[in-house]
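Structure record follows, encoded as structure tokens.
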Amino acid sequence: MRGLLVCSLLLAACSHRAGPSTFDRELAALPATDAAYAPPRSPKPRALAPGQWVKQRVVDQDGHHTLVTTKVIGLFGHQVWLERETESEQGTRARKLLVGLGDRNDARTIDVFQCWLKHADGRVEKLAPMLIGAEKPRLQSELAALVLARPAQGQEDIAVSAGRFARAYKARVKERLLGVEVESESWWHPEVPLNGALRTRRVGAPGGSELVAFGLRGAKSVF
């Protein structure tokens, strides 16, 4: 699943200061479920729909935990409002993007039209088009990890906090991050919206993510 682990590690690094105790209690209180999901018929991702959401626990290479919730807030023709809320010991912040996802097969067909940021202190900022243009390659890579179809190399049963998934798709990929080759394994299931991600982990190094909850409806914007 190309780019997902890199995206997760980047998300884990982006936060602002707040009290750690509240976040630690939230992590400890995360529920686990034994819900079971049947084998999928295809690795093709589920169609996007307003209200879908996924929550991932992300651990970076230094062992720091982050909760990342990604939501589909609205659809307007071929354009989608996607929102990401990031919670860590350093506080909570959010980002909202208006994007065109192309055919969901090629990152080069992804376009970004608007970007809004909500800082830990509650300030809301709209990025200028020039700044969006400068960030476009990074945003394309991140969005590709979130929504694009990807080739599978096998299937196996997997259990995560969000449930037990039969015959989930899996793949191992190599890519370069800041000039360093990174190898990662990933598992996904199309019952889960957006990219279907269940678990990612680096090969031979710490870092990864796990699905803790998801829903097909009910997502609300924090903006």
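The values are calculated or read from the model by the stated rules, or taken from the named source; none is laboratory data. None of the values given here were measured: they were computed from a predicted structure. As a convention, Cβ positions derive from the backbone with ideal geometry for all residues, glycine included, and neighbour counts pool all protein chains shown. Protein only, heavy atoms only, side chains kept; ligands, DNA and RNA dropped before computing areas. Shrake-Rupley method; radii C 1.70, N 1.55, O 1.52, S 1.80 Å.
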Identify the residue in segment 93-108 that is over 18 Å from the mean Cα position of the chain (by Cα) and under 11 Å from residue 140 (Cβ atoms) and, among all such residues, is least open to solvent (accessible area, probe 1.4 Å). 102
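Within segment 85-92, identify whether any single residue is closer than 24 Å to residue 130 by Cα and open to solvent by 10 Å² or more (accessible area, probe 1.4 Å), and answer yes or no. Working first, answer last.
Filtering segment 85-92 down to residues closer than 24 Å to residue 130 by Cα leaves 85.
Adding the requirement that they be open to solvent by 10 Å² or more (accessible area, probe 1.4 Å) leaves 85.
Within segment 85-92, one or more residues are closer than 24 Å to residue 130 by Cα and open to solvent by 10 Å² or more (accessible area, probe 1.4 Å).
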Search segment 205-223 for residues being closer than 14 Å to residue 194 by Cα and crowded, with 18+ Cβ neighbours inside 10 Å, and hand back the single one that is farthest from the chain's Cα centre (by Cα). 219
Please work out if residue 56 is under 18 Å from the mean Cα position of the chain (by Cα) and either polar (S, T, N, Q) or at pLDDT 95 or above (or both). yes
Meets criteria (of a type outside the set (Val, Ile, Thr), open to solvent by 20 Å² or more (accessible area, probe 1.4 Å) and within 22 Å of residue 69 (Cα to Cα)) for residue 165: no
Looking only at segment 178-199, which residues are farther than 14 Å from residue 162 by Cα, touching a residue at least 40 places away in the same chain (Cβ under 8 Å) and either loosely packed, with under 14 Cβ neighbours inside 10 Å or under 14 Å from the mean Cα position of the chain (by Cα) (or both)? 186, 194, 195
Pick from segment 124-157, criterion at pLDDT below 90 and among the charged types (D, E, K, R), ranking: farthest from residue 47 (Cα to Cα): 135
Residue 153 passes all but one of (1) open to solvent by 70 Å² or more (accessible area, probe 1.4 Å); (2) closer than 27 Å to residue 184 by Cα; (3) free of Cβ contacts under 8 Å to residues at least 12 places away in the same chain; which number fails? (3)
Give 62, 121, 111 a once-over and let me know the one that is charged (D, E, K, R), out of contact with any Cys (no Cβ under 9 Å at 6 or more places or on another chain), exposed (fewer than 14 other Cβ atoms within 10 Å of the Cβ) and over 20 Å from residue 199 (Cβ atoms). 121
Wholly enclosed strands (runs of 3 or more DSSP E) of segment 125-223 bearing at least 1 residues hydroxyl-bearing (Ser, Thr, Tyr): 163-177, 180-188, 197-202, 208-215
